[in-house]
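Okay, so here's the structure we're looking at.
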Amino acid sequence: MSFICADCVNESYLQRLVQDAATSENPCEYCDGDAPAADLWAVALLCDEVLDTFFEESSHTMAVVHFGRIPAGNDLQTTISDLTGLPQGAVDVVVQHLASLWYDAGSGESRYGDDEPWFVLKPSMAEPLGHAWREMEASLRSDIRYFNPKAMELLDTIFSELSNDQDKEGQPVIIEAGPGTSLKTLYRGRVFQTEDTLADALRWPERFLGSPVAGIGAAGRMNGQGQPAFYGATAPEICIAEVRPPVGSRIALAAFEVIRPLRLLDLRRLATVELRPGTSLFDAATRSAAQRRDFLRTLGDRLSAPVVPELQDRDYLVTQAVADYLAAHRTLNVDGIIYPSSQSRHPEEPPVGDNIVLFRKACDVSDADSGGATAEIVLWEYEEDGPGRWFRPSILFVGRDAPWHGHRPVHPALSLKRDSIVIHDICAVRYDSKPHLVKGVTSLNDRHYG
């Protein structure tokens with residue numbers, strides 16, 4: 001047996017565990033103090049649990065065994081030293097205890113073989129929550145869509161601590177938008193396939209270029225049928241890609257100023273979310289925190305993955321449930337989500353911007369609830385005394401009637417930038433594709449099965 005006091009342990013959480021287990025029966029063998037000491041066997045048991053939970057062996061990979069390369073990570077001695085902050089003599093004792101723990105007398109074999117193992121941190125611990133996510137998807141699609149207890153429990157686990165989460169730069173994952181921030185302007189586009197519908201929309205652009213009126217909007221990635229939401233982007237070209245316009249149509253694109261403070265969950269930052277500073281691998285709560293961290297790093301891709309129109313009704317159920325949860329959560333107080341655009345990302349090119357969806361409570365536009373049209377418009381300029389004409393749209397904003405709010409108090413979050421409206425004629429569409437050659441075979445004997 002070998003004993004150590006808490007003063008000789010540099011890892012703060014392990015230090016407290018040693019202090020709790022220490023007794024005055026045996027002196028510390030690593031200092032001259034008279035503090036109570038604990039058996040290093042107990043420390044070895046804790047290290048074995050941490051290694052099994054957070055690390056994986058790296059010394060039996062193909063590169064090491066067959067090509068003689070140095071294993072990734074660190075050898076056992078260094079791993080235990082870095083993990084515990086113990087004196088070297090105590091590290092040696094813990095390594096000896098681990099060798100005893102890992103040896104199976106019945107088979108005569110050690111868990112990690114005859115040579116000293118090397119270890120690296122597991123690349124991801126997301127699978128338990130990933131499995132729960134897949135179960136939630138199945139439950140939402142085939143069992144209970146609304147007030148689903150399985151979904152609520154999982155969403156609480158994933159999102160309850162969002163206000164405290166930070167990315168690798170130490171920045172919060174919930175960001176501020178609006179006055180005094182770097183995110184003050186959003187862009188939104190609408191497709192029009194006839195000249196009459198375009199003209200009607202431009203006569204009241206605050207309403208018809210902003211978020212749809214409650215009860216009439218189509219379902220989207222983050223909203224259900226008839227549930228208002230503002231789908232915008234941080235760059236105008238993203239809007240064109242996201243609305244998927246057919247050739248021959250027109251897009252009316254406008255900029256909207258964010259006129260009051262908003263809180264947005266930034267899915268981009270979730271990709272590098274970190275555990276809180278000072279988190280110890282010896283803390284029992286760290287396992288679930290690490291699983292949540294690694295799952296959050298995948299969440300942006302899960303929520304922004306491309307969805308083909310044929311599967312929208314099915315695949316949007318989950319993202320709509322997430323949006324409803326975040327919009328209704330009183331503590332988080334999230335007004336919307338910022339996420340990568342799946343339609344405008346070109347391989348090998350940096351993104352030009354991101355999508356933003358504002359939930360119902362933050363999607364109102366100033367003057368969208370006025371009593372009627374706010375502008376007069378002209379789309380064509382005609383040749384004087386001749387047949388010629390040119391598409392040169394112009395708009396004249398006129399006096400507005402008093403706002404009509406019905407029974408709902410309106411606190412607009414957005415204001416149309418009246419000089420920002422641009423009409424785009426869609427002349428052609430560009431697709432980036434990845435070809436896969438279909439190999440021709442003359443008989444089943446020529447086909448290879450893997």
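Coordinate-derived values only; no laboratory data. Note that the structure is a prediction, hence the values are computed from the model and not measured. Glycine also receives a Cβ, built like all others from the backbone with ideal geometry; neighbour counts cover every protein chain displayed.
Note: relative contact order over segment 116-214, using C-alpha pairs below 8 Å and six or more positions apart, is 11 percent.
Adding -39500 (n - 2.57) for every DSSP H run of four residues or longer, then dividing by how many residues the chain holds, sets the calculated 222 nm ellipticity at -9500 deg cm²/dmol. Which GluC sites (Glu not before Pro) from segment 143-220 combine a DSSP loop assignment with at most 11 other Cβ atoms within 10 Å? Those satisfying the criteria are Glu169. Filter Lys184/Lys417; Lys122/Lys434; Lys122/Lys168; Lys184/Lys361 down to the pairs with a C-alpha to C-alpha distance above 23 Å, please. Too far apart for the 23 Å limit: Lys122/Lys434. Between His97, His436, His424, the GNM of the chain built on Cα springs shorter than 10 angstrom shows His436 fluctuating the most. Taking a sphere under 11 Å around the Cβ of Ile423 and counting the other residues whose Cβ falls inside, with K and R at +1 and D and E at -1, yields a net charge of +1.
Where is the GNM fluctuation largest for the chain (alpha-carbon springs, 10 angstrom cutoff): Arg111, Arg190, Arg260? It is Arg111.
Distances between placed amide hydrogens fall under 5 Å for Thr374 paired with Trp204, all partners being 5 or more residues away or on another chain. When you filter the GluC sites (Glu not before Pro) in segment 6-97 for DSSP loop state and at most 10 other Cβ atoms inside 10 Å of their Cβ, you are left with Glu25.
Electrostatic bookkeeping for Ala285 treats Lys and Arg as +1 and Asp and Glu as -1; over the other residues with beta carbon under 13 Å from its beta carbon, the sum is +2. Backbone geometry of segment 210-222 corresponds, through the Karplus equation with coefficients 6.51, -1.76 and 1.60 at θ = phi - 60°, to 3J(HN,Hα) couplings of x, 6, x, 5, 4, x, 10, x, 6, 5, x, 4, 10 Hz, x marking Gly and Pro. In whole Hz, what ³J(HN,Hα) sequence does segment 72-79 give by Karplus (6.51, -1.76, 1.60; θ = phi - 60°), x for Gly and Pro? In residue order, the calculated couplings are 6, x, 9, 6, 4, 4, 5, 4 Hz. For the chain, the residue among Gly372, Leu437, His424 whose Cα projects farthest onto the positive side of the dipole built from Cβ charges is Gly372.
Report the longest stretch of the chain that contains none of the chymotrypsin sites (Phe, Trp or Tyr not before Pro) sitting in a DSSP loop with at most 11 other Cβ atoms within 10 Å. Between the exposed loop sites, the longest stretch runs 148-403. Cβ-Cβ distance of Phe397 and Val307, R₀ of 51 Å, FRET efficiency by 1/(1 + (r/R0)^6): the value works out to about 0.85. Taking amide H as placed 1.01 Å from N in the peptide plane, the amide H of Phe282 sits under 5 Å from none that are at least 5 places away or on another chain.
So what's the net charge close to Ala22: Lys and Arg +1, Asp and Glu -1, counting the other residues with Cβ under 11 Å from its Cβ? That works out to -3.
Springs between alpha-carbon pairs under 10 angstrom, Gaussian network model over the chain: which of Ser342, Ser433, Ser370 fluctuates most? Its mean-square fluctuation being the largest, the pick is Ser433.
Here segment 204-356 is treated with +1 on each Lys and Arg Cβ and -1 on each Asp and Glu Cβ, and its dipole about the Cα centre works out to around 380 debye. Only one of (i) 52; (ii) 59; (iii) 67 was calculated from the structure for percent of Cα pairs over 27 Å apart, and its label is (iii). Candidates Ala241, Phe282, Asn26 compared by Cα position along the dipole of the chain: farthest toward the positive end lies Ala241, with charges placed on Cβ.
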